[in-house]
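Here's the structure, in structure tokens; my notes come after.
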């Protein structure tokens, strides 16, 4: 995943400064990058992210119901995310990591900043 993180970091260069100039609030960290392949073992990745990312991290996810449409190349990853995020493992993993999931609007002001370092996992 280093290449994907590097590419996204380069594409986002200057974005945080633009947001700050516009007076917009944004997260100080971004997480959830992975290969989107079914063999990536999303629950294991999420547990690692929950234990390792700082407060205020915006987590990207792509959950979706089971689909057999070949037009969605990440359909299997979407369904694996959906199963994990809608199941009983997520609350237990959050509790074990002393992590809370909150709406972006409910983040404390110290969890947002003018820095937007991409990468995480």
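Coordinate-derived values only; no laboratory data. Nothing here was measured: the structure is a model prediction, and the numbers come from that model. Cβ sites come from the backbone with ideal geometry, for glycine too, and all protein chains shown count toward neighbours.
Table for the structure above
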{"item": "Computed FRET value (nearest 0.05) for residue 40 with residue 88, which takes r as the C-beta separation and R₀ as 30 Å", "result": "0.90"}
{"item": "Neighbour-count ranking [beta-carbon atoms within 10 angstrom, fewest first] of 50, 24", "result": "24, 50"}
{"item": "Net lengthening on full extension, residue 26/residue 100 (0.36 nm per residue, minus Cα-Cα)", "result": "24.8 nm"}
{"item": "For the stretch 29-110, Kirkwood radius (reciprocal of mean inverse C-alpha pair distance, Å)", "result": "13.6"}
